[in-house]
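Each reported figure results from applying straightforward, stated rules to the coordinates on display, with no laboratory input. All of these numbers come straight from a predicted model, not from anything done at the bench. Counting neighbours? That spans all protein chains shown, and the Cβs are built from the backbone with ideal geometry, glycine included.
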Amino acid sequence: MESVQLSGPRVSPAAAAAAKLEGLRMPPPSVAVSRRRRFRGLVVRAATVVSPKYTSIKPLGDRVLVKVKTSDDKTAGGILLPTSVQSKPQGGEVVAVGEGRSIGSNSIEISVPVGAQVVYSKYAGTELEFNGSDHLILKEDDIIGILDTNDVKDLKPLNDRILIKVAEAEEKTAGGLLLTQANKEKPSVGTVIAVGSGPLIEDGSRKPLSVTPGNTVMYSKYAGSEFKGEDGGYIVLRVSDVMAVLS
C-alpha cells in the first residue's frame, strides 16, 4: 500500500486524512453545551426581576418607567392565539419619571406626565418584572408619542417625530398591468397627520419642524415605526427621515 510522507515517520493515506481532519472534529458534548449556553445569552432578552422587598422604582435623569400593556391572546374574532404569535406590545402607561435633563444652564423636565398612555420604539429600554407586572425603563426620547385611544391616527408625536398616513400602493403599472399583492411596491409617500413640538435647542426652547399637518412627503424607505390603523397604514418617524415635500 502506498504511503504519504507528512514529516518524520511514514504513515498510511488513511492516517494522513485523519490528521488533516483533526481540526474539524466536533467538540466534546460538555464543551458544545457550554458554547450553546454562552451563545444563547446573546439572543435571549430576559427581563430583570426586581425583588419584592423593593416597593418603588425612581427613574433618574431623562428616563421613564412604563407599565407595559399585556399582549393580545385572541384575535378580533375571538380565536385564541398561541404564545409564539402573540404580538409584543409597544405601549403602556407611564408610572414614574426622572427629574429631567440639563441643556446648557437650563433644566428641562420630562414632557410626558405620569399616567399618560404612550407608544415607544420597539427595541428600546430595559425590561423589568416588578410587582408581578412587566415594566420597561427607557429614555424619554425613545417614546414615540402619546396615544389615549386604540387607534393610531389619534397618536400625538413627541419632540421631532411626525405621524404619517401612508399612501396606498399602486394597483397598476404605468402600462396598465394589474399588480398582484406580492408585486406591489411598498410606498414611501404619505400625508402628515400630526407633528411633535420640535427638538430642544441650547436655550431650552423648541425648534419648529419643517413640515406641517396636511403636507404630502417622501420619506426614507426603511425609517420609523409602522402601525396598522383602522383605515390603513401609518408610520411614525423623525422629521430628519423626510426627504422632500411633494406638491
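So which of K58/K165; K53/K156; K58/K207; K122/K165; K67/K221 end up more than 27 Å apart by C-alpha?
Values: K58/K165 37 Å; K53/K156 37 Å; K58/K207 30 Å; K122/K165 19 Å; K67/K221 31 Å.
Pairs exceeding 27 Å: K58/K165; K53/K156; K58/K207; K67/K221.
For the stretch 204-209, just list the computed ³J(HN,Hα) in residue order, Karplus coefficients 6.51, -1.76 and 1.60, θ = phi - 60°, integers in Hz, with x standing in for Gly and Pro.
Once rounded to whole Hz, the list reads x, 8, 10, 8, x, 7.
Among 117-128, 195-206, how do they line up by average Cβ neighbours within 10 Å per residue, starting with the highest?
Final packing ranking: 117-128, 195-206.
If you plug each phi of the stretch 217-225 into the Karplus form 6.51 cos²θ - 1.76 cosθ + 1.60 with θ = phi - 60°, what whole-Hz ³J(HN,Hα) values come out, in order, with x for Gly and Pro?
Whole-Hz 3J(HN,Hα) from phi for the stretch 217-225: 10, 10, 10, 4, 5, 10, 8, x, 10.
Could you pull out every residue, at least 5 positions away or on a different chain, whose amide H is within less than 5 Å of the one on N215? Hs are placed 1.01 Å off N in the peptide plane, and Pro or chain starts have none.
V192
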